[in-house]
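Everything below concerns the one structure shown next.
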Amino acid sequence: MRAHASSPSEAHVADVGGYTPFAFVHFNDQELMHDIEVEVKASALMCYNLWADPERLQEFLEFIEDYTDLNAKAEAEKVEVDGITAGITLMYRFGTYPTLELKFVANRTDDVPGEVFAFESVEGMPIVGAVEFAEDVEADHTKVRFRVVYKMPVELGLFEESVSVRNNVEWLLRKYLGKFKQMAESGVF
């Protein structure tokens, strides 16, 4: 499995075995869930700030291809977005199967700096997630808990069982949270 950090060009697509644009991706009713916790030697606010900053988020959640702040875009274009906060594009590839382009538009459903950052899609890929930050000042660390639930892409389910996909995404998320931990603890970002 390889997550991508750049847009798939024709040459890039040939290298990775194909590409399925979002318009051709469908989702079944089966939900996949992840609940991962990591202890970070950094303040809850510092950890929160990394998750709340789209540029930093893309540095450690490597399958995020694009993050568009729709509120800033709406302000610039002087239009209302009715609480929608972000447009997100993910690139996911399982084994040698074609890369799936997964898109969603999300609202922040809960946002308390240093405590919680939660979101839910209102369009596109069905996904709900939250990051909770619990600082233990005496132990000098923060427990960061990432939970996400999403629907399985039908096209991927034609080739792989959901448990395989879930395990692969779990492995990636743990890897990405390890990178987040390194970033937060280094204080260099």
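Structure notes:
- Only residues that are surrounded by 18 or more Cβ atoms within 10 Å (Cβ to Cβ) and either among the β-branched types (V, I, T) or touching a residue at least 24 places away in the same chain (Cβ under 8 Å) (or both) were counted in segment 125-165, giving 14.
- Test: residue in segment 6-21 that is modelled with pLDDT of 90 or more and exposed (fewer than 13 other Cβ atoms within 10 Å of the Cβ): yes
- Meets criteria (out of contact with any His (no Cβ under 7 Å at 6 or more places or on another chain), farther than 19 Å from H34 by Cα and at pLDDT 95 or above) for E138: no
- Residue list for segment 116-152, filter: farther than 22 Å from F180 by Cα and of a type outside the set (D, E, K, R): S121, V122, G124, M125, P126, M152
- Test: L102 is more than 28 Å from A42 (Cβ to Cβ), out of contact with any helix residue (DSSP H, G or I) (no Cβ under 6 Å at 6 or more places or on another chain) and either among the aromatic types (F, W, Y) or not in a helix (DSSP H, G or I) (or both): yes
- Output for segment 150-189, where each listed residue is over 18 Å from the mean Cα position of the chain (by Cα), charged (D, E, K, R) and either assigned to a helix (DSSP H, G or I) or more than 19 Å from H34 (Cβ to Cβ) (or both): E155, E185
- Among residues of segment 29-49, those that are of a type outside the set (S, T, Y) and over 30 Å from S162 (Cα atoms), counted: 8
- If you filter segment 52-69 down to residues that are of a type outside the set (A, V, I, L, M) and part of a helix (DSSP H, G or I), you find that the one that is surrounded by the fewest Cβ atoms within 10 Å (Cβ to Cβ) is E55.
- Taking each residue of segment 42-55 that is farther than 15 Å from V137 by Cβ and looking for partners that are part of a loop (DSSP other than H, G, I, E, B) and basic (K, R) with beta-carbon atoms closer than 9 Å, six or more apart or interchain, yields nothing.
- Residue match in segment 31-49 (condition: at pLDDT below 90 and either within 13 Å of the chain's Cα centre (by Cα) or more than 28 Å from E132 (Cβ to Cβ) (or both)): no
- Condition met for L173 (among the hydrophobic types (A, V, I, L, M, F, W, C), surrounded by 13 or more Cβ atoms within 10 Å (Cβ to Cβ), touching a residue at least 40 places away in the same chain (Cβ under 8 Å) and within 23 Å of F60 (Cα to Cα)): yes
- Given (1) buried (at least 16 other Cβ atoms within 10 Å of the Cβ); (2) β-branched (V, I, T); (3) modelled with pLDDT under 95, index of the condition V122 fails: (1)
- Pairs with Cβ under 9 Å, 6+ apart, first in segment 91-102 and more than 14 Å from V169 (Cβ to Cβ) and acidic (D, E), second modelled with pLDDT under 90 and part of a loop (DSSP other than H, G, I, E, B): E101/P8
The values are calculated or read from the model by the stated rules, or taken from the named source; none is laboratory data. Every value quoted in this text rests on a predicted model; they were computed, and no experiment measured them. In this analysis, Cβ positions are derived from the backbone assuming ideal geometry, glycine residues included, and neighbour counts consider all displayed protein chains.
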